[in-house]
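Report on the structure given below.
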Amino acid sequence: MNRTEFIITTAIILFIAFAVGWFANWLVHRFTRVRQSDVADLDRMSQELHEAEETRDQAITYLQQREAELTNQLNQAEAELRAAMDGLRDARREAEELRAQQSQS
């Protein structure tokens, strides 16, 4: 193999390597390219996710407020029940005292 054949062979090998590299690059970009419709879908999904998170936060806030209201009502009801039970106990004691006084008379 003389010098000219060697140069031509090297040039052909380099050209084939360049062509294979370019084709591989084209394939990679072809399969990894993001379509505009995909971007629009991602934007729509991110907006829906944001709205869902806001709705969830509002629901949590509402439930916390409602729980506080119900706890307050329960505490009030328990206080009223204790007061009623104390009143009933006092009334029974008073009734027994009156019965005891009537039976003594």
Euclidean distance of C-alpha centroids, the stretch 1-71 and the stretch 81-105, integer Å: 82 Å
For the A11, V34 Cβ pair and Förster radius 41 Å, calculated FRET efficiency rounded to 0.05 is 0.65
With each pseudo-label sitting 7 Å past Cα toward Cβ, what's the V20-E53 distance in nm, one decimal? 4.7 nm
Cα pair distances of the chain binned at 5 Å [whole percent]: 2, 9, 5, 7, 5, 6, 5, 5, 5, 4, 5, 4, 4, 4, 4, 3, 3, 3, 3, 2, 2, 2, 2, 1, 1, 1, 1, 1, 0, 0
More than 13 Å apart: what percent of Cα pairs in the stretch 7-69 qualify? 77 percent
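Since every read-out is calculated from the coordinates, none of them should be taken as a lab result. What you are looking at is a predicted structure, and each value in this text was computed from that prediction instead of being measured. We place every Cβ from the backbone using ideal geometry, glycine too, and count neighbours over all the protein chains shown.
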